[in-house]
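The next block holds one structure in the form of structure tokens; read it before the comments.
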Amino acid sequence: MAFGNSFGGGVSGGSGAIADGSVTAAKLASDAVTTIKILDANVTPVKLSQPFTRGTAVNTTSGTAIDFTSIPSWAKRITLIFNGVSTNGTDIVQVQLGSGALATTGYDTRVFSWTGGTAGTAYTSGFATEFSGSGSAVNSRIGHLTINNISGTTWVAAGSVSQLSTSGSMSFTDGSVVLGGQLDRLRITTINGTDT
């Protein structure tokens with residue numbers, strides 16, 4: 001009985017043995033690249049073209065608005081986290097998006113109260129974070145609003161914010177807006193624009 005062997009077409013060693021672009025996704029088996037083959041230190045946020053990053057916390061200690069600008073064009077989700085946010089008045093805190101300039105109209109937002117069965121209040125100037133009439137200068141707000149790009153320039157928001165006071169309240173926000181272009185800015189302010 002004879003055994004034959006044949007080795008042909010092997011990849012020789014040395015740099016440049018495989019031409020750039022010659023190994024495509026179509027040529028890789030689905031299980032060819034596994035996490036066990038990737039060293040922990042090899043994939044880091046700095047190496048990703050679209051990293052999931054945390055922005056710098058901003059103290060809302062003064063002013064009638066807090067702006068976040070230069071949002072990257074590849075951003076598809078933004079989560080705002082409120083921790084101890086209060087105002088000097090009773091107006092409702094809202095979030096506005098923009099492309100070149102802030103969109104102050106065209107929002108389709110509903111805010112519902114935690115006190116079961118209360119009809120949602122509609123807002124068109126931004127993503128309101130509180131149920132109508134629940135705003136109070138003594139209240140400290142804690143919660144989040146997550147804003148997702150659903151397609152093109154259409155953004156959908158959802159979240160909940162609690163007001164810590166003697167009575168307490170929780171509001172649930174859902175809404176959408178279509179921008180005139182690519183999202184590049186965001187503002188936290190009040191509906192009347194004058195409360196600090």
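Between ASN59 and ASN88, full extension at 0.36 nm per residue minus the direct alpha carbon distance yields a gain of 9.0 nm.
Within the full protein context, the accessible area of SER70 is estimated at about 100 Å² for a probe radius of 1.4 Å. The 1.4 Å probe gives accessible areas that order ILE81, ILE66, largest first, as ILE81, ILE66. For every other residue with a beta carbon closer than 14 angstrom to the beta carbon of VAL156, add +1 if it is Lys or Arg and -1 if Asp or Glu, then tell me the sum. Here the charged neighbours net out to +1. Modelled this way, with points 7 Å down the Cα-to-C-beta line, the labels at ALA75 and THR124 are 2.7 nm from one another. Computed with a 1.4 Å probe over protein heavy atoms only, the accessible area of PHE68 comes to about 70 Å². Accessible area of ASP174 (1.4 Å probe, protein heavy atoms only, ligands and nucleic acids ignored): about 80 Å².
Full extension of the chain between SER160 and ALA26 yields a length gain of 43.9 nm, computed as 0.36 nm times the residue separation minus the alpha carbon distance.
Tell me the net charge near THR69. Cut-off is 15 Å between Cβ atoms, THR69 excluded, with +1 for each Lys or Arg and -1 for each Asp or Glu. Spelling it out: positives minus negatives among the neighbours equals 0.
The values are calculated or read from the model by the stated rules, or taken from the named source; none is laboratory data. Everything numeric here is computed off the predicted structure, so don't read it as measured data. We place every Cβ from the backbone using ideal geometry, glycine too, and count neighbours over all the protein chains shown. For accessibility, only protein heavy atoms count, side chains too; no ligands or nucleic acids. Shrake-Rupley method; radii C 1.70, N 1.55, O 1.52, S 1.80 Å.
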